[in-house]
Amino acid sequence: MKLRGLVPMMETENIVETVEFYRDRLGFKCQGLYPDEENPCWASLVKDSVELMFTVKNAHTKVEGAVMTGSLYLYPDDVDQLWESLKYKTKVEYPIENFAYGMREFAIRDNNGYLLQFGQDISD
């Protein structure tokens, strides 16, 4: 058996607001909504080679609110340019800085409270 990819599917209270956040602030395109645009309960968002899926809570979910103990770590080709475009448009978790482990990165929170980290290798 071969794994062909990984696409996170995260819960949200509001699909429309989430699509707007990722589209308008991060440049994602909405690849699909289910069942339709008027009352979606699922969305697929794509930017370059990154895909994220969002779904509303289902009857099997017992946890309240958006919960993730980790973060989504994304690799832009120009982290400084992305920082400049986002720093006043989003909730900043920590500003851009260089880290001893060879990454230049920053982090923001999306409209659901999920942590999004953006990093670029500077070890060379």
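The values are calculated or read from the model by the stated rules, or taken from the named source; none is laboratory data. Being a predicted model, the structure only gives us computed values, none of them experimental. Because the Cβ atoms are built from the backbone with ideal geometry, glycine has one as well, and the counts that use them run over all protein chains shown. Keep in mind that these areas ignore ligands, DNA and RNA; they rest on the heavy atoms of the full protein, side chains included. Shrake-Rupley method; radii C 1.70, N 1.55, O 1.52, S 1.80 Å.
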Notebook entry, point to check: Pick from Glu93, Glu84: which is in contact with a strand residue (DSSP E or B) (Cβ under 8 Å, 6 or more places away or on another chain) and of a type in the set (Asp, Glu)?
Noted result: Glu93
Checklist line | Cβ pairs under 6 Å, 6+ apart, first in segment 17-29 and touching a residue at least 24 places away in the same chain (Cβ under 8 Å), second exposed (fewer than 15 other Cβ atoms within 10 Å of the Cβ) | finding: Arg25/Lys89
Note to self: Among the residues in segment 51-70, are any closer than 26 Å to Ile122 by Cα, of a type outside the set (D, E, K, R) and modelled with pLDDT under 95?
What the structure shows: yes
Margin query: Taking the conditions exactly as written (at positive phi and open to solvent by less than 30 Å² (accessible area, probe 1.4 Å)), does Gly102 satisfy them or not?
Written below: yes
Check: What is the residue count in segment 3-54 for residues that are more than 29 Å from Asp77 (Cβ to Cβ) and not β-branched (Val, Ile, Thr)?
Finding: 12
Next item on the list: Filter segment 10-36 for residues that are exposed (fewer than 11 other Cβ atoms within 10 Å of the Cβ) and not in a helix (DSSP H, G or I) and give the result.
Entry: Pro35, Asp36
Notebook entry, point to check: Which residue pairs have Cβ atoms closer than 6 Å, lie 6 or more positions apart in sequence or on different chains, and pair a first residue in segment 46-67 that is closer than 19 Å to Asn111 by Cβ and in a loop (DSSP other than H, G, I, E, B) with a second residue that is among the small types (Gly, Ala, Ser) and modelled with pLDDT of 70 or more?
Noted result: Ala66/Gly113
Checklist line | Exclusive hit being among the basic types (Lys, Arg) and closer than 28 Å to Arg4 by Cβ, set Lys57, Lys89, Lys62 | finding: Lys57
Next item on the list: Mind listing whichever residues of segment 92-119 are farther than 16 Å from Arg23 by Cα, in a strand (DSSP E or B) and under 13 Å from the mean Cα position of the chain (by Cα)?
Entry: Ala107, Leu115, Gln117, Phe118
